[in-house]
1. Quick one: which residue in Arg44, Arg25, Arg16 is closer than 19 Å to Leu75 by Cα and of a type in the set (Lys, Arg)?
2. For segment 111-133, state whether one or more residues are out of contact with any Pro (no Cβ under 9 Å at 6 or more places or on another chain) and at pLDDT below 60.
3. Of the residues in segment 105-114, how many are surrounded by 15 or more Cβ atoms within 10 Å (Cβ to Cβ) and out of contact with any Lys or Arg (no Cβ under 8 Å at 6 or more places or on another chain)?
4. Name the pairs whose Cβ atoms lie under 9 Å apart, with the first residue in segment 173-198 and more than 18 Å from Leu78 (Cα to Cα) and assigned by TED's automatic domain parsing to the domain that holds Ala124, the second among the β-branched types (Val, Ile, Thr) and in a helix (DSSP H, G or I), and 6 or more positions between them or separate chains?
5. Just to confirm my filter: which helices (runs of 4 or more DSSP H) fall fully inside segment 166-218 and include at least 1 residues that are more than 19 Å from the chain's Cα centre (by Cα), at pLDDT 90 or above and of a type in the set (Lys, Arg)?
6. Which numbered condition in (1) modelled with pLDDT of 80 or more; (2) closer than 28 Å to Gly28 by Cβ; (3) not charged (D, E, K, R) is the only one that Leu157 fails?
7. Would you please name the residue that is nearest to Val9 (Cα to Cα), looking only at residues in segment 82-96 that are surrounded by fewer than 23 Cβ atoms within 10 Å (Cβ to Cβ) and not hydroxyl-bearing (Ser, Thr, Tyr)?
8. Could you name every one of the helices (runs of 4 or more DSSP H) located completely within segment 16-110 that has at least 3 residues being hydroxyl-bearing (Ser, Thr, Tyr) and under 28 Å from Arg192 (Cα atoms)?
Amino acid sequence: MGTKRILIVDDHPLFREGLKTILRRDAGIVIAGEAGSATEAVRRARACAPDVALLDISLPDRSGMQLVRELRALLPDLGILMVSMHTKVDYIIEAVKAGANGYVTKDAAADQLLEALRQVGRGAFYLDPTISQEVSRELLVGSPKAQAAPANAYDNLTAREREVMRMVVEGLTTKEVAEALAISVKTAEHHRCNLMRKLGLQNSVELVRYASRLGLID
C-alpha cells in the first residue's frame, strides 16, 4: 500500500507503546504522531497530516465518535481505524456512521491489526472478523437511509457526479478521483458533496449500499 503515515490516539501511554511496537514491524508504516486526547489528536492531525488514524472510542475530553467526525471534516481522505475494547453492536454501528473506515478490538492479534491498517490505508472497509454476525448483518443490510433513498434520485446526478460516485464506491480517495478526472481536489470534493446531498446519504458506507441496491456494483 506504499508508505503510510499513522497517527495513534489513545489515552493509555502503555497501550500506545504496544501499538507502536506492532506497527514498526511493517516497513511501509511511519508513525507520524500520537495523542492522548481528542484535542491533542486534532492538533497533531493538522501538524502531521497522517494517512490513517488509529483511534480509541473512550477519550478523556470527548467521545472518540465525535473525534471521528472532526477528523473527517478536517481531512476528508483520512483513513480512520477504530481500535477499541467495545464489541457491542451500537458502538460499532455508530463508529461507522460517524465516518470510521474500520473497527478492530483491542485483543486482536498483531497480524490482524496490520491487515486492518493495510485495508483502511487502501481506502477499503475493514471489520474485525471476531465481531458478531449481528454487527455484520446490520452493517451490510441495515442502513435505513441507504434503503430509503429513492432509486430515481440517481437520475438527478450529473454525468460527472455519476463518475465520481463510481470511483468513490470503488474505494478511491478524493485525491485519486481528482487525479483520474484531471480536476482539482476541491472540485472533486464539491462533486462528492453534491451527489451525497442529492441522494440524501451521509457517508461512503451508505453510498456503497445504495449503489449495490441499484445494481451498480456486485
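1. Values: Arg25 fails: closer than 19 Å to Leu75 by Cα; Arg16 fails: closer than 19 Å to Leu75 by Cα.
Only one candidate qualifies: Arg44.
2. Taking segment 111-133 as the starting set, the residues that turn out to be out of contact with any Pro (no Cβ under 9 Å at 6 or more places or on another chain) are 111, 113-133.
Pick out the ones that are also at pLDDT below 60 and you get 132-133.
Yes, segment 111-133 has at least one match.
3. Filtering segment 105-114 for residues surrounded by 15 or more Cβ atoms within 10 Å (Cβ to Cβ) gives 105-106, 108, 112-114.
Filter once more, keeping what is out of contact with any Lys or Arg (no Cβ under 8 Å at 6 or more places or on another chain): 105-106, 108, 112-113.
Adding up the residues that qualify gives 5.
4. That search, which allows pairs on different chains as well, returns nothing.
5. On the way: elements: 174-181, 185-199, 204-214.
Fully inside segment 166-218 and qualifying: 185-199.
6. With respect to (1) modelled with pLDDT of 80 or more; (2) closer than 28 Å to Gly28 by Cβ; (3) not charged (D, E, K, R), Leu157 is out only on (2).
7. Restricting attention to segment 82-96, the residues satisfying the condition of being surrounded by fewer than 23 Cβ atoms within 10 Å (Cβ to Cβ) are 84-91, 93-94.
Next cut, not hydroxyl-bearing (Ser, Thr, Tyr) only: 85-86, 88-90, 93-94.
Values: Met85: 14, His86: 16, Lys88: 21, Val89: 22, Asp90: 21, Ile93: 20, Glu94: 18 Å.
Only one residue tops the list, namely Met85.
8. Numbers: elements: 38-48, 64-74, 89-98.
Helices (runs of 4 or more DSSP H) meeting the threshold: none at all.
The values are calculated or read from the model by the stated rules, or taken from the named source; none is laboratory data. What you see is a predicted model; the values in this text were computed from it and never measured. So basically every Cβ, Gly included, is an ideal-geometry build from the backbone, and we count neighbours across all protein chains shown.
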